[in-house]
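Participant: Handing you this structure, nothing more for now.
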Amino acid sequence: RADVQRMVALATRAASAGNAQSWRFVAVEDGATRRRMKAAVEEKLDEIGAWPEAADLQAEVRAVRGYATFFAEAPLVIAVCALPYESRIDRLLTARGVPPDERDRLRQRPEIQSVGAAVQLLITAAHALGYGGCWMSAPVIACEAIECILGVEPPARLVALVPIGRPA
């Protein structure tokens, strides 16, 4: 637990847009919870695999399943959530009536960039403490279910999972 606290403490020292620190970390040590998260991802992938558009892409769906669910095997998974960030320029663009997708293009989602910096430091801290970690975005396909399992409430939203453990 002390190592996990150190990893997260170091991650929170990442650069962030406006020093807003627009991230939240949820450490998941409970195996049953990790299995529920994995089941949520598998259920979403089953739903996607049943889409008519996926009829000729079943090999792709099977491939995604493997690399979207291995987090459940790690002894620790850190769910990384982003919080909205609104700068002065964002408020000006909104006042001007610039649509959200254009604002995102102009601003390149500073809260997501900030979370990315924090995830990088989290994985680097894990490595420095003798652990391995992996930045995963594929499981986010089941973000609504995983957020529900973990009790993540808006405006926070899941943007990554980071399984952490001792390298084999």
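Participant: If only one of A15, A39, A27 is under 30 Å from E86 (Cα atoms) and at pLDDT 95 or above, which one is it?
Facilitator: A27
Participant: May I pose another question? Working only within the stretch 2-42, note down all residues that are in a helix (DSSP H, G or I), among the polar types (S, T, N, Q) and open to solvent by 50 Å² or more (accessible area, probe 1.4 Å).
Facilitator: Across the stretch 2-42, the qualifying residues are Q5, N19.
Participant: Same structure again: Taking A63 as meeting all but one of (1) closer than 17 Å to A118 by Cβ; (2) modelled with pLDDT under 95; (3) of a type outside the set (S, T, Y), write down the number of the exception.
Facilitator: If we test A63 against (1) closer than 17 Å to A118 by Cβ; (2) modelled with pLDDT under 95; (3) of a type outside the set (S, T, Y), just (1) comes out false.
Participant: While we're on this one: Looking at the stretch 43-53, which of its residues are part of a helix (DSSP H, G or I) and either within 19 Å of A145 (Cβ to Cβ) or touching a residue at least 24 places away in the same chain (Cβ under 8 Å) (or both)?
Facilitator: The answer is E43, K44, L45, D46, E47, I48, G49.
Participant: Taking V162 as meeting all but one of (1) in a strand (DSSP E or B); (2) surrounded by fewer than 16 Cβ atoms within 10 Å (Cβ to Cβ), write down the number of the exception.
Facilitator: (2)
Participant: So, one more: Read through the list (1) open to solvent by 90 Å² or more (accessible area, probe 1.4 Å); (2) under 24 Å from E153 (Cα atoms), then give the number of the only condition that Y67 fails.
Facilitator: That leaves (2) as the condition not met.
Participant: Please verify whether A145 is hydrophobic (A, V, I, L, M, F, W, C), modelled with pLDDT of 95 or more, open to solvent by 30 Å² or more (accessible area, probe 1.4 Å) and farther than 17 Å from V26 by Cβ, treating the condition exactly as stated.
Facilitator: no
Participant: Which members of the stretch 73-95 meet the condition of being crowded, with 16+ Cβ neighbours inside 10 Å and either touching a residue at least 24 places away in the same chain (Cβ under 8 Å) or within 15 Å of W135 (Cα to Cα) (or both)?
Facilitator: Scanning the stretch 73-95 gives A74, L76, V77, I78, A79, V80, C81, A82, L83, Y85.
Participant: Still on this structure, please answer the following. What's the number of the condition A128 fails, among (1) open to solvent by 80 Å² or more (accessible area, probe 1.4 Å); (2) at pLDDT 95 or above; (3) under 21 Å from G31 (Cα atoms); (4) not β-branched (V, I, T)?
Facilitator: Every condition holds for A128 apart from (3).
Participant: Residue pairs, Cβ under 6 Å, 6 or more apart or interchain, first in the stretch 1-12 and under 16 Å from V80 (Cβ atoms), second open to solvent by 70 Å² or more (accessible area, probe 1.4 Å) and β-branched (V, I, T). List them.
Facilitator: That search, which allows pairs on different chains as well, returns nothing.
Participant: Still on this structure, please answer the following. Scan V140, V98, V152 and give me the residue that is within 18 Å of K44 (Cβ to Cβ) and either assigned to a loop (DSSP other than H, G, I, E, B) or open to solvent by 80 Å² or more (accessible area, probe 1.4 Å) (or both).
Facilitator: It is V152.
Participant: What's the number of the condition Q113 fails, among (1) farther than 14 Å from A82 by Cα; (2) open to solvent by 50 Å² or more (accessible area, probe 1.4 Å)?
Facilitator: Going through (1) farther than 14 Å from A82 by Cα; (2) open to solvent by 50 Å² or more (accessible area, probe 1.4 Å) one by one, Q113 breaks only (1).
The values are calculated or read from the model by the stated rules, or taken from the named source; none is laboratory data. Keep in mind the model is a prediction, meaning the values are calculated, not measured. When we count neighbours, we look across all protein chains shown, and the Cβ atoms used for this are built from the backbone with ideal geometry, even at glycine. Accessible surface areas use protein heavy atoms only, side chains included; no ligands, DNA or RNA. Shrake-Rupley method; radii C 1.70, N 1.55, O 1.52, S 1.80 Å.
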